[in-house]
Amino acid sequence: MTELEKYIHTYFGVGQEEVAKISGYFQPVRLKKGDYYLRTGRRSDRLAFVQSGIVREYVVLDDREITKWISTQGYFLVDLASFFFHQPARWNLQALTDCELFVIDQAKYQQIGREVARWPQLEKLFIARCFTVLEDRIVMHLSMNAEERYRYLLGFNKELFNQVPLQYLASLLGMTPETLSRLRKKVLD
């Protein structure tokens with residue numbers, strides 16, 4: 001069973017027959033380290049699931065890059081506004097490692113809705129999950145200080161600190177690389 005199939009089964013409580021039907025609409029795509037899945041300003045009618053690898057979601061503002069999210073195995077990649085509302089993408093999605101994705105385009109996504117009776121409920125759960133992740137990030141940034149955010153990310157996915165450049169993690173955490181460096185030293189001592 002692929003990570004995508006496990007995700008569909010676990011998070012949506014879908015039986016094996018429906019899992020096979022839904023996952024059958026996704027096509028495998030490989031990205032090499034440094035490749036872009038999506039660039040700011042382009043329209044995207046694709047949604048991807050990360051089977052393996054790491055993808056950074058970021059935007060360039062003035063003279064700096066802001067990392068919104070770092071997707072690892074078991075997460076979806078999508079610029080929601082572009083996918084659902086056909087707007088130019090706000091985010092760059094770039095592979096930080098070699099990646100294996102499962103990708104579905106808008107037409108096949110719509111086809112699932114016609115062929116899987118429970119799709120409207122499953123789609124609501126998917127979108128609610130996306131917003132829950134975003135809400136959690138907002139609460140984290142509003143209610144935690146820099147050290148608490150660092151410890152939270154460290155507890156959430158310690159391996160990121162061995163696989164992702166620190167400046168990207170610092171941006172994700174809303175701090176400078178120097179602050180992250182000081183916090184790492186403090187926590188490790």
Item checked: Qualifying positions in region 5-22 - surrounded by 13 or more Cβ atoms within 10 Å (Cβ to Cβ) and under 15 Å from L125 (Cβ atoms) -> Y7, I8, H9, Y11, F12, V14, E18, V19, I22
Next item on the list: Specify which of the listed residues (Y109, Y37, Y25) is in contact with a strand residue (DSSP E or B) (Cβ under 7 Å, 6 or more places away or on another chain), assigned to a strand (DSSP E or B), of a type outside the set (A, V, I, L, M, F, W, C) and crowded, with 17+ Cβ neighbours inside 10 Å.
Entry: Y37
Margin query: If a residue must be of a type in the set (G, A, S) and surrounded by 13 or more Cβ atoms within 10 Å (Cβ to Cβ), how many such residues does region 121-151 contain?
Written below: 1
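Results for (1) more than 22 Å from N157 (Cα to Cα); (2) hydrophobic (A, V, I, L, M, F, W, C), shown as yes or no for each residue.
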| residue | (1), (2) |
| --- | --- |
| F12 | yes, yes |
| G15 | yes, no |
| Y25 | yes, no |
| K33 | no, no |
| T40 | yes, no |
| R43 | yes, no |
| G53 | no, no |
| R56 | no, no |
Notebook entry, point to check: Quick one: which of R114, R90 is on the phi < 0 side of the Ramachandran plot, of a type outside the set (D, E) and in a helix (DSSP H, G or I)?
Noted result: R114
Check: Is it the case that some residue within region 76-86 is more than 17 Å from the chain's Cα centre (by Cα) and at pLDDT 90 or above?
Finding: yes
Check: Within region 61-83, how many residues are aliphatic (A, V, I, L, M) and either in a helix (DSSP H, G or I) or within 15 Å of R129 (Cα to Cα) (or both)?
Finding: 4
Next item on the list: Can you give me the number of residues within region 168-189 that are free of Cβ contacts under 8 Å to residues at least 24 places away in the same chain and of a type in the set (S, T, N, Q)?
Entry: 2
Check: Can you spot a residue in region 46-59 that is among the charged types (D, E, K, R), surrounded by fewer than 20 Cβ atoms within 10 Å (Cβ to Cβ) and either in contact with an Asp or Glu (Cβ under 6 Å, 6 or more places away or on another chain) or part of a helix (DSSP H, G or I) (or both)?
Finding: no
Checklist line | Yes/no for L4 being in contact with a Ser or Thr (Cβ under 8 Å, 6 or more places away or on another chain), in contact (Cβ under 8 Å) with a residue 40 or more places away in the chain, over 20 Å from F156 (Cα atoms) and not in a loop (DSSP other than H, G, I, E, B) | finding: yes
Check: Yes or no: T72 surrounded by 15 or more Cβ atoms within 10 Å (Cβ to Cβ) and more than 12 Å from the chain's Cα centre (by Cα)?
Finding: no
Next item on the list: Collect the residues in region 152-165 that are more than 17 Å from the chain's Cα centre (by Cα) and surrounded by 15 or more Cβ atoms within 10 Å (Cβ to Cβ), keeping them in residue-number order.
Entry: L154
Check: Given the residues I138, I127, I104, which is the only one that is assigned to a strand (DSSP E or B) and either without any contact (Cβ under 8 Å) to a residue 60 or more places away in the chain or over 13 Å from the mean Cα position of the chain (by Cα) (or both)?
Finding: I104
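The values are calculated or read from the model by the stated rules, or taken from the named source; none is laboratory data. Please read all numbers here as calculations on a predicted model, not as lab measurements. Methodologically, a virtual Cβ is constructed for each residue, glycine included, from the backbone with ideal geometry; neighbour enumeration extends over all protein chains shown.
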